[in-house]
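Worksheet: the structure to be examined is printed underneath.
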């Protein structure tokens, strides 16, 4: 329909037209005061709220769709969301938007609103942006919306107005769909600094090219979800030992006092670096009471992925859960054989105290750490550290090293390794005196040093049971001092395994076909049992053959191994035989007199002592 405007010259100021003066959708102008009127579909005369030519959207009405919606002005509706562009931000990556962004944040804080919106773009800043109330900075997506920090300080700082006070918190702040990237060539600062925050939430956030991607100092109940920390050119790399994708620490509140860092939840985290533009750590934990990381990919770090390093005597780390994480060492340069040396590193602080407690790692892949160091290196006392259902692979050193804390002191603590896989590493687990250790249901294979579990001194409480060792290992469990079989008597050992033996015919044998055979070992005694198919050349004549043993030994007498074998013919005739040591070949010899000259399956069991 066409728009029709009617001039009402015979009215006085403030007088509305009569219902019959205009039709639905027409606009009437009062000549006396220039006010505008219209008629809605129900026949009601409506006055435009403000018709001054210098006015804002206050003069336009808006009604949301849906039952119960009420009419309000478009201006009121637009003020629900404050955009940095309302205050002059450009977002072209060239214009300095520092003042505009800070003005938008200050305005929201002053008027009690909760969000500042960043449309898609790159917003250059030349000084830190400060947030001191519980508001959320919301971009249109971290891959298309970023703050470009072109300076050497922090990118965004979330802190209470009285930061530094013992009981002060910034409550319910957050960031969503926004990246923070340093663009100059130096180093320093944090992309995002959470200082004494409570209930902070970060969702879809990228923190790039600062010495710390996200720095958490004090506070509690904070969540980081779908976060990426990354380093690339022109970033020159962080200071050795003082740079990380994420840092957890106490907050300095002055006078030598600190606010503890409590309860951090990290989900869906990706932390990577360029080959030569690296942080020292993916995450450095100086102090935390309650940390959960679930779902992460960590790669390319100079010293270690997960680093525990106390710097204050009051620092402690407890109640940590790490799950579903791929710790990927990768190469330091394309094609190199070295990478991140350690995936998990508890550094000896020298500060004393039982301060590392209750750390659980499960369902993780720890691989490709080829820097001449263990994948997991424990140099600080940890009470109740456990690894379960993890894969350790690709390391030119021992997969796990526990202690010593210093060159002259021994590591203590309690440790559990259960249902893990160790392969393509130099050794499995190396232990220096601990309070207690449990190693159960793990598998060890392709270990270049041929030692699965190594002890340097004994633990007060040891349980080694139900582990599976590659048959090529010379010392599945050994004393580190001499690594000879005679040292095993000093260690309580219980573990199991399986192998397919090699059979050698001696006399009256057409063929021998062993099945997979099971064995278990308690201290130096090995028990072997399984099934073997034997086809004798001639019935009712002595038949003999040997099989190798699962753990090598040096037999000096036939009685150092003993056992029996047994079978039944189709006529239910029982056939048996004996097993003894063969001192020439260090195998075991089977002796039997078969009653038939066709293949029969025999069940057997024998025991021997490792010498």
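The values are calculated or read from the model by the stated rules, or taken from the named source; none is laboratory data. Since the structure is predicted, the reported quantities are computational estimates derived from the model, not experimental observations. Here Cβ is always computed from backbone atoms with ideal geometry, including for glycine, and neighbour counts include all displayed protein chains.
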Query - Checking residue 528 against (1) over 16 Å from residue 607 (Cβ atoms); (2) surrounded by 15 or more Cβ atoms within 10 Å (Cβ to Cβ), the condition it does not meet - result: (1)
Query raised in the report: Does any residue of segment 6-19 turn out to be over 30 Å from residue 181 (Cα atoms), modelled with pLDDT of 80 or more, surrounded by 15 or more Cβ atoms within 10 Å (Cβ to Cβ) and touching a strand residue (DSSP E or B) at 6+ places or on another chain (Cβ under 7 Å)?
Result: yes
Requested in this report: Would you check which residues across segment 263-279 are modelled with pLDDT of 95 or more and within 30 Å of residue 314 (Cβ to Cβ) and list them?
Outcome: 263, 264, 265, 266, 267, 269
Query raised in the report: Restricted to segment 86-108, and to residues that are crowded, with 18+ Cβ neighbours inside 10 Å and in contact (Cβ under 8 Å) with a residue 24 or more places away in the chain, which residue is nearest to residue 175 (Cα to Cα)?
Result: 105
Requested in this report: Would you point out which residue out of 166, 149, 191 is touching a strand residue (DSSP E or B) at 6+ places or on another chain (Cβ under 6 Å), surrounded by fewer than 16 Cβ atoms within 10 Å (Cβ to Cβ) and at negative phi?
Outcome: 166
Report task. Could you please find all residues in segment 218-228 being under 20 Å from the mean Cα position of the chain (by Cα) and crowded, with 20+ Cβ neighbours inside 10 Å? Result -> 222, 224, 227, 228
Query raised in the report: Of all the residues that make up segment 270-291, how many are surrounded by fewer than 24 Cβ atoms within 10 Å (Cβ to Cβ) and within 15 Å of residue 320 (Cβ to Cβ)?
Result: 5
**Report entry** Which listed residue, of 479, 471, 443, 450, is modelled with pLDDT under 70 and out of contact with any helix residue (DSSP H, G or I) (no Cβ under 7 Å at 6 or more places or on another chain)
**Finding:** 471
Query raised in the report: Does any residue of segment 567-576 turn out to be assigned to a strand (DSSP E or B) and either at pLDDT 90 or above or not assigned by TED's automatic domain parsing to the domain that holds residue 507 (or both)?
Result: no
Report task. Inspect all residues belonging to segment 179-202 and state whether any of them is modelled with pLDDT of 95 or more and within 18 Å of the chain's Cα centre (by Cα). Result -> yes
Query raised in the report: Inside segment 414-451, can you point out the residues that are more than 25 Å from the chain's Cα centre (by Cα) and within 14 Å of residue 396 (Cβ to Cβ)?
Result: 446, 447, 448, 449
Query raised in the report: Does segment 386-404 include one or more residues that are assigned to a loop (DSSP other than H, G, I, E, B) and more than 22 Å from residue 290 (Cα to Cα)?
Result: yes
